[in-house]
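Structure first, commentary second.
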Amino acid sequence: MRFKNNGLVQKIKHLMYAVPISLALLIFSYGSITSVMAAGPEAHLKGEFGPLHAWPIVPVHMTLMPDGRVFAVGPQTKNNLKYAVWNPAMGTSANAFETLPNTTSTNIFCAGQAMIPETGQALIIGGDTTYAMPGSTYGYHTADVNVYDPTTDTLITQTSMAYSRWYATAVTLPNGEHLALGGRDVRPAAGIAAEYAPIPEVRAVNGSWRSLSAASSDAAYGAIGGNSWYYPRAWVNPQGSVFIVNPIGLMYKLDTAGAGTLTLYKKRILAGKNFLPSAMFSPGRILFVRKDRTAIIVDINGTGEPTSSSGGSLSLDRQYGNATVLADGRVWVNGGSSTGNDLVGAALDSELWNPVTNTWTTTASASTVRLYHSAALLLADGTVLTGGGGVPGPLRQMNGEVYYPPYLFKKDGTGEFAPRPEIVDAPSVMIGWNQVFPIEATENIARVTLVRAGAVTHAFNNEQRFFELSPISQTGNSVTVRSPASVNDAPPGFYLLFVWNAAGTPSLAKVVHLG
């Protein structure tokens, strides 16, 4: 597959930088998608993978930037971490990638990442370091904090955390601050005991840090609880605090005010593993893949105990797989293995979960497996980038594939791409919450959806959020909608705005800035 330039696609990053990043709408387009492959007759039901394409690194970490490019981190050769930026508008050839120098001397391998709401920069917390031991090298934690600035394509050193964190989670809070939780503080080795970072920290908008010393917990995000330090699963809940689930099924609420307050809920859910995927697919509702091919839906909208219900059964466990919220609100799960980080039980086919029917459908098969250190990320054209895997693993995957979901194809079984509506006009100022705003398209708008730009690594993308924006009024090709009601439902930052035609085909997204 390739992307065809329609005149709007020049250098997306330069188009973005023509206006201040604080503006609500960053105009860009990938152009119309054309196919150079034969999509199957079930493409409108299962979707289709594009061809395997080379990457300059193993893309372990991926973040969708406000300009539509993908900032990725991963090794290039053994012990040689690199930073790369992919511009989807330029296709998948080598000139679509830019490899960046490490100007901060931080190895951000296995770091946590999120978007900085005000600037659109990528925040990177913690990571790895390496030093020599007799006869070997030893890798472990770091307290370093870095920012990737897409306007200059550079990394910038920030104020360090109080605690070293390797495999930590970064959560964007409603006030624009960031919560850092979990991570290992010392990696075990011969004669060296493991240590963990059970005290969360909050990064203020000005970059300073404060510790939540009263919220220390080994079970929620520390040494126990099924390795709960390993990228803790955490989301802002509709009440403005942080909801956390550990691998053995214990659930917590963390209030980040002051020194912090951690509350253990009485209820618990089915045990999982720290490398099984999950995704917030609608406000206050999260889909968890747990043990034995079982999916669980947890609802955190109420002020009391969370409630849970069945999310059906997958075809296999999907250990080290990824769950991606698509432009239509369905959740697509790809990669993984029923036997861990090896080829026995590895899945090439993918699965799609429909939240309306609570059913799973087997979808297209990839050309290669995606296991430990793989990632998947929704792009602004409604496709999903999948890539990476290995280091360590059975295959070192310096490559990617793009998944084209069913909604991009004609429904007649020809395998052809469907004509897409186009957003002609939308707000050019920052959008607030519970705010009415107009959208104009090239044809009648049947649906409007909003998806938060993602940041993913290690089978977890806690930035994902999906919203259905119901029309308030409509005249011809113009529709008026209302933004999400609460900053707790939709934390500040950058979102992909899609309009849909009557055939169920989405537009290319416009990037909207909520703040």
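The values are calculated or read from the model by the stated rules, or taken from the named source; none is laboratory data. Model, not experiment: these values are computed from the prediction. Counting neighbours? That spans all protein chains shown, and the Cβs are built from the backbone with ideal geometry, glycine included.
Of the residues making up the stretch 438-467, just one is hydrophobic (A, V, I, L, M, F, W, C) and surrounded by fewer than 18 Cβ atoms within 10 Å (Cβ to Cβ), namely A446. When I192 is tested against the conditions (1) in contact with a Leu (Cβ under 9 Å, 6 or more places away or on another chain); (2) of a type in the set (V, I, T); (3) at pLDDT below 85, the lone failure is (1). Residue count for the stretch 385-402, restricted to those that are farther than 19 Å from F97 by Cα, touching an Asp or Glu at 6+ places or on another chain (Cβ under 9 Å) and modelled with pLDDT of 95 or more: 1.
When the stretch 342-362 is examined, which residues are found to be under 25 Å from H61 (Cβ atoms) and either buried (at least 19 other Cβ atoms within 10 Å of the Cβ) or among the small types (G, A, S) (or both)? Those that are under 25 Å from H61 (Cβ atoms) and either buried (at least 19 other Cβ atoms within 10 Å of the Cβ) or among the small types (G, A, S) (or both): A346, A347, S350, E351, L352, W353. Can you find, within the stretch 57-73, the residue that is nearest to G454 (Cα to Cα) among those that are in contact with a Lys or Arg (Cβ under 7 Å, 6 or more places away or on another chain) and of a type outside the set (K, R)? Among them, the one singled out is D67. Of everything in the stretch 53-74 that is part of a loop (DSSP other than H, G, I, E, B) and in contact with a Leu (Cβ under 7 Å, 6 or more places away or on another chain), the residue that is farthest from P117 (Cα to Cα) is D67. For V145, the stated conditions hold: it is surrounded by 24 or more Cβ atoms within 10 Å (Cβ to Cβ) and over 28 Å from V289 (Cβ atoms).
Taking strands (runs of 3 or more DSSP E) as the structural unit, those lying wholly within the stretch 413-515 and holding at least 2 residues that are aromatic (F, W, Y) and within 26 Å of Q121 (Cα to Cα) correspond to 466-468, 493-500.
Can you name the residue in the stretch 385-429 that is among the hydroxyl-bearing types (S, T, Y) and buried (at least 16 other Cβ atoms within 10 Å of the Cβ) and is also farthest from V344 (Cα to Cα) among such residues? Lay out the reasoning, then the answer.
Of the stretch 385-429, the ones among the hydroxyl-bearing types (S, T, Y) are 386, 403-404, 407, 414, 428.
Narrowing the set further to residues that are buried (at least 16 other Cβ atoms within 10 Å of the Cβ) leaves 386, 403-404, 407.
Values: T386: 20, Y403: 23, Y404: 27, Y407: 32 Å.
Residue satisfying both the conditions and the ranking: Y407.
Inspect the stretch 101-108 for any residue being touching a helix residue (DSSP H, G or I) at 6+ places or on another chain (Cβ under 8 Å) and either farther than 20 Å from V456 by Cα or not assigned by TED's automatic domain parsing to the domain that holds P56 (or both) and give the result as yes or no. So far as the stretch 101-108 goes, no, none of its residues is touching a helix residue (DSSP H, G or I) at 6+ places or on another chain (Cβ under 8 Å) and either farther than 20 Å from V456 by Cα or not assigned by TED's automatic domain parsing to the domain that holds P56 (or both). Of the residues A259, A223, the single one that is surrounded by fewer than 22 Cβ atoms within 10 Å (Cβ to Cβ), at pLDDT 95 or above and more than 22 Å from L378 (Cα to Cα) is A259. Scanning the stretch 502-514 for any residue that is at positive phi, buried (at least 23 other Cβ atoms within 10 Å of the Cβ) and either in contact (Cβ under 8 Å) with a residue 24 or more places away in the chain or hydroxyl-bearing (S, T, Y) (or both) turns up nothing. Considering only residues that are in a loop (DSSP other than H, G, I, E, B) and touching a residue at least 40 places away in the same chain (Cβ under 8 Å), look in the stretch 117-130 and name the one that is farthest from L64 (Cα to Cα). Ranking the qualifying residues of the stretch 117-130, first place goes to G126. Within the stretch 75-106, being in a loop (DSSP other than H, G, I, E, B) and without any contact (Cβ under 8 Å) to a residue 60 or more places away in the chain holds for K78, N79, S93, P101, N102, T103, T104, S105, T106.
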